[in-house]
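**Student:** Just passing along the structure, written as C-alpha cells.
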Amino acid sequence: MITAQLPLELDANRSQRFENFWSGANGTAVAALHALAHEPAGRWLELSGPGDAGKSHLLRATARACQGAVVLPGASLAESVAPEELVEFATAPLLCIDDVDSLFGPQAWEQGLFRLLVALQQSRSGLVVASRTGLRNCRPALPDLASRLTWGESHRVAALDDEDKAALLRARSTEIGLKLDSRTLDYMLSRLPRSTGELLAWLDRIAAASLAAHRRVTVPLVRSLISEQVPSAG
C-alpha cells in the first residue's frame, strides 16, 4: 500500500499531542481541531501561521486523536507518492496535509490535489491543511483549487510570545522532573535560539547534562553547554 511507504512518522512523534501543546493565544484553533478529530465527517479546516507556530504539532495531534487518520508531509510528498496517487487517500476518515501550498505550481500536483479534494468531499472525509501564508493569499495555477481548499473554516496559529515560552519551559521541566529556577529560565530565554522547538530540544539537552554530571540546573551549567555547542552565543 502507498501509505506504508509514506514518511508519516506518526509513531516517531508520540510527543505531539493536544495534551502537551502550549496553546497560548491559540485556544480557539486547538478547540476546533479537537472537535474535528472526534467528529471529522465532512468537516474541513485550514491552519496558517509562521513556521514556529506549531502547525505540524497540531496536525499530528489531530491525526493521533482520530483513528485511521493520515498525515501527508506536503513538502516531501513527491519522494513517496505520484500526483495521480493522491486520490487514494480519500478513503481515510481524516486527512491532514502539512505545507499544502508546497504542492502548488506543477500542473500534475495541482490536478492530483484537486481530484483528491473532490474525492474527499464525495466520501465526506475530514480534512485539515496547513500553510504559512494562508490559502486565501495563494494563487495556484488551477483556479478552482484555492476555492475548494478554503471551503472550510480557517484559523491563524500565532507563535508563542516570551511569556508563553517561559510557561512552556516551566511546564515541560516539571513534566521531566527538572528543577528550573527563574534566573536560569531567564538566562535560557535570553541566550538560546528563539524557536520553540529548539528551546525544547535545548531543555532536553540540559536535563541530560544535569543528570550525567549529577549537577543542578544553574546558569553556569547552561552557560557551559552553550559555550561548547554555540560558541557565538555567549
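**Student:** Give the residue that is modelled with the highest pLDDT, with candidates limited to residues of segment 22-35 that are farther than 19 Å from I97 by Cβ and open to solvent by 80 Å² or more (accessible area, probe 1.4 Å).
**Tutor:** T28
**Student:** Only one of E19, E85 is part of a helix (DSSP H, G or I), in contact (Cβ under 8 Å) with a residue 60 or more places away in the chain, open to solvent by 10 Å² or more (accessible area, probe 1.4 Å) and among the acidic types (D, E). Can you tell me which? Write out each step before concluding.
**Tutor:** Numbers: E19 fails: in contact (Cβ under 8 Å) with a residue 60 or more places away in the chain.
After ruling out the rest, the residue left standing is E85.
**Student:** Would you be able to tell me the number of residues in segment 24-42 that are touching a residue at least 40 places away in the same chain (Cβ under 8 Å) and outside any loop (DSSP other than H, G, I, E, B)?
**Tutor:** Residues in segment 24-42 being touching a residue at least 40 places away in the same chain (Cβ under 8 Å) and outside any loop (DSSP other than H, G, I, E, B): 6 in total.
**Student:** Output the residues belonging to segment 183-223 that are part of a helix (DSSP H, G or I), charged (D, E, K, R) and within 18 Å of D161 (Cα to Cα).
**Tutor:** D186, R191, E198
**Student:** Take segment 43-64 and flag every residue that is closer than 18 Å to F89 by Cβ, open to solvent by 20 Å² or more (accessible area, probe 1.4 Å) and not in a helix (DSSP H, G or I).
**Tutor:** Scanning segment 43-64 gives a single hit, R43.
**Student:** Please tell me if A159 is touching a residue at least 24 places away in the same chain (Cβ under 8 Å), assigned to a loop (DSSP other than H, G, I, E, B), hydrophobic (A, V, I, L, M, F, W, C) and open to solvent by less than 60 Å² (accessible area, probe 1.4 Å). Show your work before the answer.
**Tutor:** Numbers: touching a residue at least 24 places away in the same chain (Cβ under 8 Å): yes; assigned to a loop (DSSP other than H, G, I, E, B): yes; hydrophobic (A, V, I, L, M, F, W, C): yes; open to solvent by less than 60 Å² (accessible area, probe 1.4 Å): yes.
Here the answer is yes, as A159 does meet what is asked.
**Student:** Could I ask something else about it? Name, by its number, the condition in (1) aliphatic (A, V, I, L, M); (2) part of a loop (DSSP other than H, G, I, E, B); (3) surrounded by fewer than 14 Cβ atoms within 10 Å (Cβ to Cβ) that does not hold for A75.
**Tutor:** (2)
**Student:** What's the number of the only condition in (1) of a type in the set (G, A, S); (2) in contact (Cβ under 8 Å) with a residue 40 or more places away in the chain; (3) assigned to a helix (DSSP H, G or I) that G112 fails to meet?
**Tutor:** G112 satisfies every listed condition except (2).
**Student:** What is the one condition in (1) part of a helix (DSSP H, G or I); (2) closer than 25 Å to A159 by Cβ; (3) hydrophobic (A, V, I, L, M, F, W, C) that L180 does not satisfy?
**Tutor:** Against the list (1) part of a helix (DSSP H, G or I); (2) closer than 25 Å to A159 by Cβ; (3) hydrophobic (A, V, I, L, M, F, W, C), L180 comes up short only on (1).
**Student:** May I pose another question? Can you spot a residue in segment 133-145 that is polar (S, T, N, Q), more than 17 Å from G54 (Cβ to Cβ) and not in a strand (DSSP E or B)?
**Tutor:** Yes - at least one qualifying residue is present in segment 133-145.
**Student:** Same structure again: When you go through A171, A166 one by one, which is the residue that is open to solvent by less than 20 Å² (accessible area, probe 1.4 Å) and either over 18 Å from the mean Cα position of the chain (by Cα) or acidic (D, E) (or both)?
**Tutor:** Testing whether each residue is open to solvent by less than 20 Å² (accessible area, probe 1.4 Å) and either over 18 Å from the mean Cα position of the chain (by Cα) or acidic (D, E) (or both) leaves just A166.
**Student:** Right, something else. I need a count of the residues in segment 120-132 that are part of a helix (DSSP H, G or I) and open to solvent by less than 20 Å² (accessible area, probe 1.4 Å).
**Tutor:** Residues meeting the conditions: 1.
This table checks each residue for (1) buried (at least 17 other Cβ atoms within 10 Å of the Cβ); (2) modelled with pLDDT of 90 or more; (3) within 30 Å of R43 (Cα to Cα); (4) out of contact with any Lys or Arg (no Cβ under 7 Å at 6 or more places or on another chain).
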position	(1), (2), (3), (4)
Y187	yes, yes, no, yes
S195	no, no, no, yes
A208	no, yes, no, yes
S224	no, yes, no, yes
P231	no, no, no, yes
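**Student:** Only one of these is of a type outside the set (A, V, I, L, M, F, W, C), touching a residue at least 60 places away in the same chain (Cβ under 8 Å) and touching a helix residue (DSSP H, G or I) at 6+ places or on another chain (Cβ under 8 Å): T218, T196, T184. Name it.
**Tutor:** Step by step, each of T218, T196, T184 is checked, and only T196 is of a type outside the set (A, V, I, L, M, F, W, C), touching a residue at least 60 places away in the same chain (Cβ under 8 Å) and touching a helix residue (DSSP H, G or I) at 6+ places or on another chain (Cβ under 8 Å).
The values are calculated or read from the model by the stated rules, or taken from the named source; none is laboratory data. These figures come from a predicted structure and were not determined experimentally. Cβ sites come from the backbone with ideal geometry, for glycine too, and all protein chains shown count toward neighbours. Ligands, DNA and RNA are stripped out before the accessible areas are found, and what is left, the full protein with its side chains, is counted by its heavy atoms. Shrake-Rupley method; radii C 1.70, N 1.55, O 1.52, S 1.80 Å.
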